[in-house]
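Report on the structure given below.
The values are calculated or read from the model by the stated rules, or taken from the named source; none is laboratory data. What you are looking at is a predicted structure, and each value in this text was computed from that prediction instead of being measured. The area values use the complete protein model at the heavy-atom level, side chains included, leaving out ligands, DNA and RNA. Shrake-Rupley method; radii C 1.70, N 1.55, O 1.52, S 1.80 Å.
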Amino acid sequence: MSPIEKFTARFGEKILAQGDRLGELSVRVAPEEWLAAAKFLRDEGGCKQFVDLLAVHFPERAPELDVVLHVRNTETMEFIRLKAATAKDCPSLTSIWAGADWCEREAFDLFGIHFTGHPNLTRIYMPDDYPVHPMRKEIPLEGINATYAGGFESFPRTVRSRKPPTIGSSDNFLAVRLQNRQVSKRQRFSWSFY
């Protein structure tokens, strides 16, 4: 029995949609079955490899956010995409796959999805007090004028000048050899095009 047949037998009416696109199986489950479906795929479906977790924003529908999990069956090398719609909260998959940690933090930072049970759900791209989640479609493409306490610090630019080694002094014997070697490489490079 294939992993998806096992999955269909187990979840049945809780599968909201199912499809196959370009050889990748896609399954949409009810939001309350998200954690159980992911655990089933790992334990009984042979999907031991966590590939990615991401979010998608659909502002025209309710619930407006989708959480998408990509896993791979390590025996048959099949990709399986598991989707669930969510409003704002979703159970964390870090107890199933430790690799989901940073992906969930990214989805939280950019889309505002709160993963309940996550060990360290903090922002990783934007400052902690940034007022919006920038990948949501209600944010204009031009960005927003936001003021926040943890703004980016500006660091002074320093220009480093690199002095060439002086040729002729006995303490720069290695620098002279390196300089001669670079010239010969340059010559070999230019001769290869003729």
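Structure data summary
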read-out: Amide H contacts under 5 Å for Ala30, placed H, 5+ residues apart; value: Leu16
read-out: Projected area, mean over directions - the stretch 1-107, Cα convex hull, nm²; value: 6.6 nm²
read-out: Heavy-atom accessible area order for Glu104, Glu33, largest first, 1.4 Å probe; value: Glu33, Glu104
read-out: Exposure rank, largest accessible area first [Glu24, Glu32, Glu142; 1.4 Å]; value: Glu142, Glu32, Glu24
read-out: Rounded percent of accessible protein surface that carbon and sulfur make up, the stretch 86-136, 1.4 Å probe; value: 57 percent
read-out: Rounded accessible area of Arg72 (nearest 10 Å², 1.4 Å probe); value: 50 Å²
read-out: Sequence-distant residues sharing a close amide H with Glu24 (under 5 Å, placed H); value: none
read-out: Under the Karplus curve 6.51 cos²θ - 1.76 cosθ + 1.60, θ = phi - 60°, whole-Hz ³J(HN,Hα) for the stretch 91-104, x wherever Gly or Pro sits; value: x, 6, 9, 5, 6, 9, 10, 5, x, 6, 3, 6, 5, 5
read-out: Rounded Å value of the spacing that divides the Cα centres of the stretch 74-109 and the stretch 4-27; value: 17 Å
read-out: Heavy atoms of Phe115: accessible area, 1.4 Å probe, square angstrom to 10; value: 10 Å²
